[in-house]
Amino acid sequence: MPGYHPVDLQLAYNVPTGGPGQLVAIVDAYDDPNAESDLGVYRSQFGLSSCTTANGCFKKVNQSGGTDSYPAPNGGWAQEISLDLDMVSAICPNCHILLVEANSNHLSDLGVAVNTAARLGAKAISNSYGSSEYSSETTDESTYFNHPGLAITASSGDGGYGVEFPAASQYVTAAGGTTLSRASNARGWSETVWSGAGSGCSAYITKPAYQTDAGCSDRTVADVAADADPGTGVAVYDSFRYQGLKGWLVFGGTSVASPIISSLYALADNTTGSYPADPYQKPSALFDVTSGSNGSCGGSYLCNGEPGYDGPTGLGTPNGTSAFANPTVSVSPTTVSAGGPVIFTWSNVANPTSTDWVGLYHLGASNGLYLDYFWTNSCSSNYANSNAVGSGSCSYTMPYVGATYELRLFSSNTYTLLGTSSSIADSGPAASGAISATPSSVAPGGSVTVSWTNRVTATKGDGFGLYHPGDSDYAPIDWIWDDTCSYAMGTTAVASGSCSYTMPASGGSYEFRLFSNNSYIRLAVSNSVSVGATASAAPTTSTTTTTAPGTAGSGDAKRGPVHSPSAPLWHPAGHR
């Protein structure tokens with residue numbers, strides 16, 4: 001039958017087989033009463049597994065998420081629905097499909113349907129519709145399309161050079177269009193700009209940080225592209241007669257491209273990505289489209305296919321899932337004894353930097369509450385060099401305190417999460433120990449004796465910090481290694497001992513906290529020590545401040561990520 005079949009699209013775009021069963025949502029207007037049965041015909045024709053309500057693969061809901069009633073049927077939108085469902089099936093046969101039908105083709109209804117798709121757990125949401133831009137679209141994009149962690153795609157339009165919304169939204173991956181043809185080259189296919197693909201400069205949406213092209217001061221459309229020319233269209237099955245057409249049909253338009261791109265995000269299992277910025281980090285992972293035009297724009301890249309980025313096809317067309325994939329991380333083994341080593345491995349970091357880092361966490365802890373960390377380019381807490389490592393592995397020594405932990409990979413000396421390992425069960429003894437300070441009341445600048453016992457395996461990285469009660473563990477006033485009673489880290493593990501410590505000249509209430517293995521794994525908290533007030537210094541409370549990467553701040557040398565590469569962790573010297 002005419003039109004490209006699933007195997008054609010899979011070959012043309014180097015689509016891998018299999019993949020996880022992520023949920024892809026299709027948002028369209030009105031009802032297609034034959035959606036599920038028509039989907040069954042398409043999948044059966046091309047040997048794809050059944051996708052039905054009964055087996056949990058397919059679900060149709062109204063814009064509120066209900067299944068008790070649907071909008072009025074509409075033949076034109078039914079064809080759009082069939083096209084969208086068939087393209088998800090062609091690219092990601094293992095994906096589950098959620099069809100959300102809006103009450104009408106007004107954005108006030110379609111936008112609600114997008115929010116419903118997000119609420120129902122879709123990982124990718126395709127929107128094969130658009131309209132002319134309007135001044136209040138900046139409000140609508142925040143209301144309906146700003147869903148961090150979800151891949152939302154939209155067709156760039158089928159009227160040639162010019163911008164439509166929601167493709168113009170900074171929160172949406174705008175899918176442009178190509179003419180996809182068989183060729184005798186190594187790929188077996190060639191592509192040029194489809195003359196109907198939408199492109200250009202948004203009139204209202206501010207240019208997002210992920211775009212750097214110089215021809216538009218605001219948002220540029222498109223981001224990526226796929227087949228859209230009706231002359232090289234795709235086979236679709238639709239039984240709802242519209243304008244005398246039903247059965248097997250051939251469709252084109254950027255309505256083809258949008259569900260293809262959404263399905264590739266889902267197939268890539270991109271669940272922690274930064275959308276739609278991900279492809280911009282890996283343009284070499286796309287097929288570049290360098291010829292063709294969609295209109296007149298003065299010979300600019302905004303309407304002509306050119307090497308690198310151009311308006312009608314964006315960064316290019318899919319070459320597998322790499323451009324749509326988030327980094328992957330793993331750890332082995334997942335069960336260790338106290339102080340045992342694990343291997344943390346990461347790959348596919350698109351734009352690695354010299355300040356990418358990995359943090360150790362208790363399960364469920366917020367990103368700011370790391371226990372320990374290491375830089376990916378040195379595999380230690382020492383900032384060793386300026387190399388950026390996009391794929392690699394590090395051996396890491398787990399704590400001597402038994403608990404369940406995980407390792408998290410972050411980007412660029414920030415808390416931008418790139419990936420989280422599976423949990424690691426550390427079979428060491430539970431945290432224990434004791435720390436005390438005597439006397440419990442001293443004059444400003446007086447001395448106390450800090451004594452500790454550590455019933456967990458002692459390491460040379462044990463130490464204690466000085467705090468005001470209630471302070472965060474991540475903001476010590478001072479830090480002392482327990483084997484040297486000073487800032488200078490020694491080489492001896494001291495399970496029990498004492499240090500003489502000079503208290504601050506500022507009056508107030510203080511306490512000491514004992515930590516394990518050069519980390520924030522707290523073992524014990526001392527009694528309170530009262531320092532008599534002075535006329536010149538009132539008690540103060542330390543707080544954890546978040547600064548920009550590499551920006552100095554109060555106590556910067558004693559703060560971990562977000563941290564300064566020259567002074568990671570709490571202490572100014574003696575990193576392990």
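Since every read-out is calculated from the coordinates, none of them should be taken as a lab result. Bear in mind the structure is a predicted one, so any value in this text is a computation, not a measurement. In this analysis, Cβ positions are derived from the backbone assuming ideal geometry, glycine residues included, and neighbour counts consider all displayed protein chains.
Once amide H atoms are placed 1.01 Å from N in the peptide plane, what residues at a sequence separation of 5 or more from LYS60, or on another chain, have their amide H within under 5 Å of its amide H?
When sequence neighbours closer than 5 places are left aside, the close amide H contacts are LEU99.
Out of these labelled values of Kirkwood radius over Cα pairs in Å, (i) 24.4; (ii) 26.5; (iii) 30.8, which was calculated from the coordinates shown here?
The value matching this structure is (ii).
Nearest 500 deg cm²/dmol is fine: what mean residue ellipticity at 222 nm does the chain get from its DSSP H runs of n ≥ 4 alone, each adding -39,500 (n - 2.57), divided by its residue count? Write out the running numbers ahead of the final one.
On the way: 7 runs with 74 residues, N = 576.
-4000 deg cm²/dmol, from helical runs alone.
Explain nothing, just compute: Karplus ³J(HN,Hα) = 6.51 cos²θ - 1.76 cosθ + 1.60, θ = phi - 60°, for every residue of segment 409-421 in order, whole Hz, x for Gly and Pro.
With coefficients 6.51, -1.76 and 1.60, one gets 9, 10, 9, 6, 6, 9, 9, 7, 6, 9, x, 10, 6 Hz.
Charges only on Cβ, +1 for Lys and Arg, -1 for Asp and Glu: so what's the dipole of segment 212-273 about the Cα centre, in debye to the nearest 20? Spell out each step's value before the answer.
Details: 3 positive and 7 negative charges, 72 e Å.
Result for segment 212-273 is approximately 340 debye, rounded to the nearest 20.
Mind pulling the angle between the C-alpha long axis of helix 75-91 and the longest principal axis of the chain? Nearest 10 degrees, somewhere in 0 to 90.
The angle comes out near 50 degrees.
What ranking of ARG408, ARG241 emerges when the number of other C-beta atoms within 10 Å of each C-beta is taken as an exposure proxy, fewest first? Provide the component values of the computation, followed by the final result.
Working: ARG408 21, ARG241 12.
Listed from fewest to most nearby Cβ atoms, that is ARG241, ARG408.
Residue farthest toward the positive end of the dipole of segment 6-324, with Cβ of Lys/Arg at +1 and Asp/Glu at -1: which of SER37, VAL114, THR232?
Result: SER37, furthest along the dipole toward the positive end.
Residues with amide H under 5 Å of ALA338's amide H, sequence separation 5 or more or different chain, H placed in the peptide plane at 1.01 Å from N; which?
Hits under the 5 Å cutoff: SER427, GLY428.
Number of Lys pairs in the chain with C-alpha atoms less than 28 angstrom apart, excluding same-chain neighbours closer than eight positions? Don't skip to the answer; put the middle values down first.
On the way: LYS59/LYS123; LYS59/LYS246; LYS60/LYS123; LYS60/LYS246; LYS123/LYS207; LYS123/LYS282; LYS207/LYS282; LYS460/LYS558.
Close lysine pairs found across the chain: 8.
Can you tell me how segment 328-426 classifies by the Cα gyration tensor, rounded, prolate or oblate, using a/c under 1.5 as the rounded cut? Don't skip to the end; give the middle numbers.
Working: a/c = 1.70, a/b = 1.55, b/c = 1.10.
Prolate is the answer for segment 328-426, as a/c is 1.5 or above and a/b outweighs b/c.
Taking H as built 1.01 Å from N, whose amide H comes closer than 5 Å to the amide H of SER380, not counting residues under 5 places away?
TRP375
Relative to the first principal axis of the alpha-carbon coordinates of the chain, what is the inclination of helix 107-119, with its axis defined by its Cα atoms, in degrees from 0 to 90 and to the nearest 10?
Value to nearest ten degrees: 50.
With angles folded into 0 to 90 degrees, how steeply does helix 35-45 sit against the dominant principal axis of the chain? Use alpha carbons for both and round to 10.
Taking Cα atoms only, the helix is inclined about 80 degrees.
Give me a comma-separated list of calculated 3J(HN,Hα) values for segment 156-164, in order, Karplus coefficients 6.51, -1.76, 1.60 applied at θ = phi - 60°, integers in Hz, x for any Gly or Pro.
So the J values, rounded to whole Hz, are 7, x, 10, x, x, 3, x, 10, 10.
Whole-Hz ³J(HN,Hα) for each residue in segment 227-243, computed from phi via Karplus 6.51 cos²θ - 1.76 cosθ + 1.60 with θ = phi - 60°, x for glycine and proline: what do you get?
Result, rounded to whole Hz: 3, 8, 5, x, x, 10, x, 10, 6, 9, 10, 8, 9, 8, 4, 9, 6.
Rounded to two decimals, what is Rg over Rh for segment 111-185 when you use alpha-carbon atoms and the Kirkwood radius? The partial results should precede the final answer.
On the way: Rg = 14.1 Å, Rh = 13.3 Å.
Here Rg/Rh amounts to 1.06.
Nearest 20 debye, what's the magnitude of the dipole of the chain about its Cα centre given +1 on Lys and Arg Cβ and -1 on Asp and Glu Cβ?
Dipole about the Cα centre, nearest 20: 1560 debye.
Just want the ordering: MET503, MET489, MET87, from fewest to most Cβ atoms lying within 10 Å of their own Cβ.
Working: MET503 22, MET489 17, MET87 31.
Going from sparsest to densest Cβ surroundings: MET489, MET503, MET87.
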